[in-house]
Amino acid sequence: MMSATASHGRAVMLPSPSGALQHQQPSIGSDMFRLRRKEPRGLRLIVAATAKYKGTKMREEKLSEMIVEKVKEATEVCEADVRSEECKVAWDEVEEVSQARADLRIKLKLLNQDPLESFCQENPETDECRIYED
Amino acid sequence: MAVSTIYSTQALNSTHFFTSSSSSKQVFFYRRQNNRRFNTIITCAAQQTVVIGLAADSGCGKSTFMRRLTSVFGGAAEPPKGGNPDSNTLISDMTTVICLDDYHSLDRTGRKEKGVTALDPRANDFDLMYEQVKALKSGIAVEKPIYNHVTGLLDAPELIQPPKILVIEGLHPMFDERVRDLLDFSIYLDISNEVKFAWKIQRDMAERGHSLESIKASIEARKPDFEAFIDPQKQYADAVIEVLPTQLIPDDNEGKVLRVRLIMKEGVKYFSPVYLFDEGSTISWIPCGRKLTCSYPGIKFNYAPDSYFDHEVSVVEMDGQFDRLDELIYVESHLSNLSTKFYGEVTQQMLKHADFPGSNNGTGLFQTIVGLKIRDLYEQLIANKATAPAEAAKA
């Protein structure tokens with residue numbers, strides 16, 4: 001389960017896109033993606049953002065698996081020659097998939113947009129559009 | 001917004017009547033003046049699209065920069081409704097953001113076979129990129145391919161209507177000279193290696209499969225292609241946002257506190273650089289003091305003229321973090337040439353996206369400012385295009 005801590009420093013309480021309130025905290029820039037952190041000073045509301053549709057959940061899992069696979073592949077390929085084209089391409093694939101995974105996470109967490117939203121409005125009966133229950 | 005050009009043609013035997021052709025773009029006036037008979041045809045193009053290029057290595061269209069930019073124009077940018085759910089395109093009222101990965105000529109398998117990374121120009125179809133950006137700029141819709149980052153395949157194309165503002169975002173917006181010439185404004189997001197490493201750790205460490213070693217190896221392996229093909233584009237950019245580790249904390253390697261430099265080219269049409277205190281001077285400014293209390297490590301600003309790849313530039317630099325709303329407002333009130341429409345607009349825009357990474361430091365600040373500069377450029381360009389044909393008609 002992915003969770004997000006949305007924090008920023010301000011003396012005012014403002015609603016986040018998901019409707020949760022945030023309290024004053026010293027902000028830490030790209031803090032969004034750190035899941036391991038020290039005990040926060042003060043109140044912090046954890047907003048859980050999980051995929052809404054089964055299809056999106058499947059994409060999340062697929063991307064995560066691909067990362068494992070491709071890191072393994074790249075490590076093996078590069079054992080032979082770290083400067084070879086195959087090695088470069090293998091790590092580039094890792095980067096591509098890692099970024100795709102992160103983009104999906106941003107969409108769901110930060111923007112509360114499920115990429116299947118409009119597709120599933122039109123086609124609610126498909127398997128991909130079943131509401132995912134955690 | 002209509003832009004019109006006026007033509008004179010052969011005379012006809014009629015006076016003062018009006019027809020419009022089936023294409024909604026043309027209006028015909030027939031007029032007789034004195035002894036001369038002539039016709040005036042007014043052709044209106046639907047709009048002139050302003051094209052912005054953004055070079056960034058941080059994925060497509062989902063980056064917070066794009067969100068901030070589209071937000072300046074109002075409205076949220078969303079993927080096209082009812083289309084491919086893996087589309088990279090974002091559309092809002094005024095802007096359409098296109099991901100240049102869609103112009104990959106080789107899909108993932110193809111690149112593996114040829115031994116090229118996505119950074120390599122050989123993996124991209126610049127001819128198609130040029131044709132389509134040119135078409136959109138002239139107000140013609142295009143069927144643009146979709147590169148699916150999940151499957152690594154090229155999907156069926158999607159129809160893109162010409163927007164008022166077209167943003168092309170990706171690895172190579174300024175690589176091809178023809179495409180470069182179509183850009184009305186270009187931005188390069190230059191992340192230093194240390195910051196890139198810190199961000200990628202934050203991005204990837206939670207994923208199974210990744211470790212510090214794999215993250216490092218991935219960055220190292222991509223470096224040669226990045227330096228050969230992507231980095232050189234920064235010399236062409238009208239604005240470069242450089243993100244570096246802070247100088248306020250000795251030996252900081254967490255990449256949380258950042259030093260961000262906004263490098264603005266001088267002499268760019270419709271673009272007047274932001275400055276502190278007085279243009280062309282050199283200033284070092286620490287806003288924290290009696291009027292403003294900041295927490296550690298505080299904030300430091302610099303402004304100076306400089307030279308960047310043989311161009312004259314002005315550089316505004318911010319090191320540190322904003323803690324509170326009043327710090328932001330105080331800083332905003334001392335910056336000049338922000339192209340805001342009202343006092344506090346920068347602060348308001350930053351607050352709108354307070355959840356986005358970079359909201360408390362120079363990345364968010366300068367991205368927002370660049371957004372306002374683009375709005376200013378757009379308005380000037382449109383105003384200019386409206387007056388030019390009217391002047392021609394008087395002649």
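Which values of log₁₀ I(q)/I(0), to two decimal places, follow from the Debye formula for region B:238-387 at q = 0.10, 0.17 Å⁻¹ with a uniform point scatterer at every Cα? Normalising to I(0) and taking log10 leaves -0.35, -0.99. Note on chain B: with charges restricted to the Cβ of Lys and Arg (+1) and Asp and Glu (-1), its dipole about the Cα centre is near 1660 debye. Relative contact order for region B:47-189: 39 percent, from Cα pairs under 8 Å spaced at least 6 residues apart, divided by residue count. Note on B:F277, B:F197: ascending count of other Cβ atoms within 10 Å places them as B:F277, B:F197, the fewest first. Taking the Cα centre of region A:60-109 as reference, the dipole from Cβ charges on Lys and Arg (+1) and Asp and Glu (-1) amounts to some 400 debye. Under 24 Å of direct C-alpha separation, and excluding same-chain neighbours fewer than eight residues apart, A:K72 reaches these lysines: A:K57, A:K62, A:K88, B:K112, B:K114, B:K196, B:K200, B:K216, B:K223. Going from the fewest other Cβ atoms within 10 Å to the most, the residues B:R290, A:R130 appear in the order B:R290, A:R130. Dividing the helix sum by the residues of chain B, where each DSSP H run of 4 or more adds -39500 (n - 2.57), gives a mean residue ellipticity at 222 nm of -9000 deg cm²/dmol. Mean projected area of the convex hull spanned by the Cα atoms of region B:84-229, taken over all viewing directions: 9.8 nm². Beyond 31 Å in Cα-Cα separation lie the following of the pairs B:K265/B:K385; B:K164/B:K234; B:K300/B:K341; B:K269/B:K352; A:K109/B:K137; A:K70/B:K144: A:K109/B:K137. Going from the residue with the fewest nearby Cβ atoms within 10 Å to the one with the most, B:D86, B:D319, B:D326 rank B:D326, B:D86, B:D319.
Every number here is computed from the coordinates shown, using simple stated rules; none is lab data. Values in this document were obtained by computation on a predicted structure and should not be read as measured data. As a convention, Cβ positions derive from the backbone with ideal geometry for all residues, glycine included, and neighbour counts pool all protein chains shown.
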